[in-house]
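The structure appears right after this line, and notes come after that.
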Amino acid sequence: PKLKADDLRFKQLVLNILNFIAPQLSAGDTIRVSTTIKGGEILVTFAYSAGAQERKQMIAGNPIPLTPTSRSQLGLGMALARLMIALHQGSLEIKTLPDRTTNVTLRFPGARVV
């Protein structure tokens, strides 16, 4: 099936999510992008795990340092992503699983399936 969406906004949405994920990854880490249809909706999922250095910091109980500039840039990109998915009557969900894998899921309604 195809997704009925504004091409430019969809590309910007994907780039904003990738820009949100990129600073959290180390060399050699991967992002897995998958699409599924569930209940008539299209789900686009970006799955990743924190890098080795970040995992060591989390295990040690130390937070991952973010500069004020990087925090505001991450927040702005995700705020824009939420607005763009809302323009397509969809939703954005971020979940971190117990194994430290984080999933960012875009949910497009069935009305957007062609």
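The values are calculated or read from the model by the stated rules, or taken from the named source; none is laboratory data. Since this is a predicted model, take the numbers as computed values, not measurements. A quick note on method: Cβ atoms are made from the backbone with ideal geometry, for glycine too, and the neighbour counts reach across all protein chains shown. Calculation scope for accessible area: heavy atoms of the full protein, side chains included, ligands and nucleic acids excluded. Shrake-Rupley method; radii C 1.70, N 1.55, O 1.52, S 1.80 Å.
Numerical summary
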quantity: Filter result (in a helix (DSSP H, G or I) and over 11 Å from the mean Cα position of the chain (by Cα)) within the range 1-35; calculated: D7, L8, R9, F10, K11, Q12, P23, Q24
quantity: Boolean, R71 is at pLDDT below 90 and over 15 Å from the mean Cα position of the chain (by Cα); calculated: yes
quantity: Some residue of the range 39-56 being modelled with pLDDT of 55 or more and open to solvent by 60 Å² or more (accessible area, probe 1.4 Å); calculated: yes
quantity: Check on G61, more than 12 Å from the chain's Cα centre (by Cα) and at pLDDT below 90; calculated: yes
quantity: Inter-residue pairs, beta-carbon under 9 Å, first within 17 Å of A5 (Cβ to Cβ) and in the range 24-45, second of a type in the set (S, T, Y) and open to solvent by 50 Å² or more (accessible area, probe 1.4 Å), 6+ apart; calculated: I42/T35; I42/T36; L43/T35; L43/T36; V44/T35; V44/T36; T45/T35; T45/T36
